[in-house]
Structure formats: C-alpha cells, structure tokens
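Each remark here refers to the structure printed beneath this line.
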Number of protein chains: 2
Amino acid sequence: MELPMDKASPRSTPLSLPAGAAPAVAHQTPASLPLGPPAAASTKPLVASANPPLLPVMAPAAAPKSSSGAVEESKDAVEESNKSNVLTIGSIRSALIKQEDTIIFGLLERSQFCYNPDTYDPNASRIVGFNGSQIEFMVQQTEKMHAMMGRYKSPDEHPFFPENLLEAVVPSVEYENVLHPAAANININKRIWDVYFDDLLPRLVMEGSDGNCGSSACWDMLILQALSKRIHYGKFVAEAKFQGSPDTYTPAIINKDSDKLMDLLTFTKVEEDVRARVMSKVMTFGQVVSPEADPAIETKLKIEPELAVELYDKWIMPLTKEVQVQYLLKRLD
Amino acid sequence: MELPMDKASPRSTPLSLPAGAAPAVAHQTPASLPLGPPAAASTKPLVASANPPLLPVMAPAAAPKSSSGAVEESKDAVEESNKSNVLTIGSIRSALIKQEDTIIFGLLERSQFCYNPDTYDPNASRIVGFNGSQIEFMVQQTEKMHAMMGRYKSPDEHPFFPENLLEAVVPSVEYENVLHPAAANININKRIWDVYFDDLLPRLVMEGSDGNCGSSACWDMLILQALSKRIHYGKFVAEAKFQGSPDTYTPAIINKDSDKLMDLLTFTKVEEDVRARVMSKVMTFGQVVSPEADPAIETKLKIEPELAVELYDKWIMPLTKEVQVQYLLKRLD
C-alpha cells in the first residue's frame, strides 16, 4: 500500500536525501518488466528538471540505512543516480518490482482467512445508515479519509469510489505534470474490483466463514490498492515508451488502432521474466518458516505460486497494457 | 493487521469450516513461544464449550485451500483438532507465530521509505481543524472508522486513541468471556507507540525525507496495530498459563509480587526459539528476489535481521510479559 500522497508537499523535501544516500531507484539493476527493450529508452528522462522530481516512481526512494540492507547495484544505475531527479524507464521498473512484493505479501496475509461471504453481502452488513457491504463501507470510508489527506491528488493514486471523496484538508500540492492531461480521466478500478472479487479471491482462500470479516476486508483493501497502483502505473509506462520512440506509436495513435498499439506494447520475453520473478517471490515469501524445519522435507507454502503467476499473466499485465492503450489513444489530443 | 472484529457475529458461523477443512490452528506443530513448557498445559482447554468459540485466538483458522499451501501437521495437532473449538496453548502459539509474519512484512515495507519527519511533526501537518501530526490524524481517523465497524469490541483489539472512538454502527456482538473482566482496562498502547517511534523506527529507516509521508504513515499504522495485537495477546497467554497451573501463580498474585510473576513467566529456552525463528523469517521474507540472481553472490536483505530480533528481544517479549503480569495481578480480584 504505497501512498505517496505527500511526496510533493512544499514542506517536505522530496528526494533531498542525506549525503551518501542515493535513491534506491537509481541503484536498482534494470530488471525485466513490460516496458520494452531496456536499450530503447532506459537513459532517456521523461523530464529534465533541476528541481526535485515530484513523481510517483521516485517514491520508493529510500535505501535501507544499514549496509547489510540491500538494493541491487549496477554500473548503469550508478550513472543514473547522477542524473538523480528524472523519471526513467529504470525508475519505473524499480517501482513496479517493489509493488510486486506488496501485492504478494497481501495475498499471503489474506490467504490465512476463509472467504467469509458476509464481508461482501450488502444484506449481511447491517451497518446503520449505510446501504452496502462491509468491504464497500471500509473502502469508501478509508478513501474519504485518505482524500482528506490529499492521497488522490497524486497522479499514481486512483480511488475505487471517486464519487464519495471528501475535499482535502491539507494544503494543496502541485505535482509535476509528466502525464498528458487526459490521464486524469483513466480509472479502471471497477474492472480491478470485479476481477479481484469474482476471479481471484475465491481461488485464493478456503470457502466458508471463520468469522474474520474485518481482517478479510482490511487485507482485501490493501491488495486492491496495490493492484490499482500497479495497473495504473501503465500511464507512466506508456508515457515513457512514447517519449522513447514517438515515431513508433504515432501512426497507430492517429489511426486509433488499439490492436496495433497493444501489439507494439507487448514484449513476450519481458512478460516471461515477470512471471519467473513472481514465481520466485511467492516461493520465497510464501514459505512457512520454522528454524527446526527438516531440510529433507519439502518447504511448505502458504499459497500456490501458480495462482500469483496467473494473476499477473491473466489480469495485471493485460490490464496494465489496457491502461497504456487508453492513455496512448489520447496522447496526441 | 488482523482485525477479527466480526468473528462473533451472529450472522456468521465462526469455525464452521467446510468438510475436510480443519482449522489451521489445530494442525500447527506446537512451536516454541513464551508460553511455558508445552507439556504443562498444551491440551488443556480454556473453555470447554460445545458452541463455536468466539475467541480471538481462533481467528486465523483458515487453512489454505490448496494442497500445496501449507500448515504444519503433527499427531498432537490432529488430536487437538478433534477438540476443535477450544482455546488451547497450541492455538495461542499458532496465532502468535502468524502475527510474526505480519510484523516482519510491515517492517520490510516501511523500510523502503525514509524516516520522513514531517509525518510525525504536528507543526508540519497543517491539517485544517486538527491539532496533531499526520500519523496521529491517520490512526485516529482509522480507529474511529474501525470502531464503527465494531473492531474494538473484540477482546484482542486495542485502540491507540480510545478517547476518540465512535460508537459501533453494526449490531452489537457478544464475545465469549474467557478473560477476567479486569483485562478490559489493560492497554499499554502508549508505551508501544513510544517504543515504535522513539526506538525502532529511527533505526529501521534511512534518515531524511523522500516525500512519502502518506505511505510511511500507512505502514507505521499497520506495524503499530500488529505490535499491539501481539503484545496484548499476553492476556490470553497469561490466562492459559494460569488455568494450566493455578497453584504456581496464586501465591505471587496474592502477594502482589510482580518480580516473582515475571520470573515465573519467563522461559529462557522458549525465548531463544522465538529469536531464532524471527531471524529465519527476516532472512527468508527480507530477500531481494531476482530469478537471475547469481547463487555465488550473497542474497541481499531489505533489513538487518538483527533489528527484528532485537525488537522481539528488547520490546515485544518484555512488553508481552508486562501485559501478563498486569493481567495476573488482577486475576483473583
């Protein structure tokens, strides 16, 4: 649940890191994500500004304090760190890779509870003065509160119930405008909501009720927010790809050729790498850890890795590309 | 962030698991936690009721749906599952072990951001109509909303700002009364708050600001809630120990001898096992996962395992025992 709502606050100093503390994004080995061949645009900044960037992809910028805490380093990355405050393909990729951890942690936590159908049944919620389910109540109320704190002013945050938001009660923040203004109207959270509750959740958890409706709703919300952030990052991915090679995309945009755009945005090898990494992560983070475990016995996992891989394969990557296509179709408006 | 607020809802059926789905708590190998020697009380139920138990320790009862998802099994545990709906030392232990995962996941997520001092500075928050810091605003507002959903009616949930709660808007839930009524007045969240912000957080994260005050506050809150739940579980631990061997504890309780109680509640070997397991978990969950990692190169970790071990050693286990002592001192009132 990354919530960069205040990253551009005038009272904070985004990315003014202490000496010796280079942003983690700049130290990350460019990994494989559906951004197209790294060579194409990996050093091309989206914005070349002398000011600290106010960009979502720079958000997870803190490297662990300790020397044993780790972010991957590479020569390229060190070079990138000298440019520091620009939005690059590498920085987007780094953010997406970190978001995988949050999504997977959320799935692992949610998986310990049953489905708990009462969480999703408007007739079971019995909340005085509210006509909906417990999960709807929790997400709506949380979004109202986070909106008061300015969360949805950030271009990488998208509410599930935009019609119910309250006005921010913190001073208004100016985010650097790296996206085309049309980006503001792209929000596919309704699709994400349906995919999560109709397709993913019933296969993640055991049927039935254990009474933990509240815990279930909390983890559902964390996963939904992480999925929403990951998928809507497609806006930044698309902008980076477009800036990297505008001539490639312009004809299809002018022709409003969605299929062609989807084709241009698809890199099979990169998607395979994502699947492999997600598999590795579930097999690592999903272990039931016990120091006295017998090495002869297979390590037990909390969820099936294939489920997370399929989530990426069937939903996260396609929906991210759908956001990219929607964005590019409006990119020249 | 387990939130068992509705586990006892009359409309849900706690622990009415589908056929073939035995509660995970009953399939967990009794692991080592500061509950005293397992032999002493591991099969003694706290309540022997034919009704489904409405107890917080039974909450994380869902075993993963798939056969590859895993809970540890043992002969003892299978026997325990036949008793099913009772609160046992084994079920408490299982809950505490799962809570470790949540705490560690939270630390790993928070560690990716800088300290972000503006999150904690009342003068920096500038929230209209609120005289406090951003973290205080977020925790207070979230607790108000969760209170409306009945969270703090559950005996294993403790608010950080009890004076600000709103009335529940869901039908009132009756929790089975396994604790002495005095338990309701034990809440050491102020200590937990101070320990987290004064001692732990500055050592977990890099100094400075990256602008992510909102994300920082979200993960802070998740960790605080997980720590609070873990530490206040001491009430159940103490009740189980007392019921397991009342003669051991009664003289010290009558004499109001806190030191003696602390001594009786301390099992060095068990605490060593906790430290070892926490170390293993951070070394597993904290890995920076990359499928193309070179096995010859040491795996990088997001945080130092020693930090989490010290958190348990210096704060979580002592504060849990402090809750136990507070509880036992009132156990015979």
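The values are calculated or read from the model by the stated rules, or taken from the named source; none is laboratory data. Predicted model only: the values in this text are computed from it and were never measured. Here the Cβ positions follow ideal geometry from the backbone for every residue, glycine too, while neighbour counts run over all protein chains shown. Heads up: the accessible areas ignore ligands, DNA and RNA and are worked out on the full protein's heavy atoms, side chains in. Shrake-Rupley method; radii C 1.70, N 1.55, O 1.52, S 1.80 Å.
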Can you list, shortest first in nanometers, how far A:E207 lies from the same residue in the other copies, with each label 7 Å from Cα toward Cβ?
5.8
What are the ³J(HN,Hα) values, in whole Hz, obtained from phi via the Karplus relation 6.51 cos²θ - 1.76 cosθ + 1.60 with θ = phi - 60°, for each residue of the range A:212-223 in sequence order, with x given for Gly and Pro?
8, 5, x, 4, 4, 5, 4, 6, 3, 5, 4, 5
For B:T299, B:T142, the accessible-area ranking with a 1.4 Å probe, largest leading, is B:T299, B:T142
By the Kirkwood definition, with r running over pairs of different Cα atoms, the range A:217-333 has a hydrodynamic radius in Å of 16.4 Å
Quick one: label points 7 angstrom along Cα→Cβ at A:P162, distances to the other copies in nm, smallest first?
4.3
Output the residues of the range B:187-224 meeting this criterion: accessible area (heavy atoms, 1.4 Å probe) in the chain alone minus accessible area with all protein chains in place is 50 Å² or greater.
B:M206, B:S209, B:D210, B:G211, B:N212, B:C218, B:W219
For A:K256, label point 7 Å along C-beta direction: distances to other copies, nm
8.2
Provide B:D247, A:D199, B:D156 ordered by accessible surface of protein heavy atoms (probe 1.4 Å), highest first.
B:D247, A:D199, B:D156
Sorted by chain and number, the residues with a modelled amide H under 5 Å from that of A:M206, at a separation of 5 or more or across chains, are A:Y115, B:K65
How much solvent-accessible surface does A:S245 expose, in Å² to the nearest 10, with a 1.4 Å probe and all protein chains in place?
40 Å²
Whole-Hz ³J(HN,Hα) for each residue in the range B:127-140, computed from phi via Karplus 6.51 cos²θ - 1.76 cosθ + 1.60 with θ = phi - 60°, x for glycine and proline: what do you get?
7, 4, x, 9, 9, x, 7, 4, 5, 5, 4, 5, 5, 4
From the cross-link list A:K144/A:K235; A:K235/A:K330; A:K281/B:K314; A:K314/B:K98, the entries with a Cα-Cα span beyond 19 Å are A:K144/A:K235; A:K281/B:K314; A:K314/B:K98
Taking 0.36 nm per residue of separation and subtracting the Cα-Cα distance, what length does fully extending B:K190 through B:V128 add?
19.8 nm
With a point put 7 Å past each Cα toward its Cβ, work out how far A:K269 is from A:T299 in nm, to one decimal.
2.9 nm
Calculate one ³J(HN,Hα) per residue across the range A:262-271 by plugging θ = phi - 60° into the Karplus curve 6.51 cos²θ - 1.76 cosθ + 1.60, and present them in order as whole Hz with x for glycine and proline.
4, 5, 5, 8, 9, 10, 4, 4, 5, 5
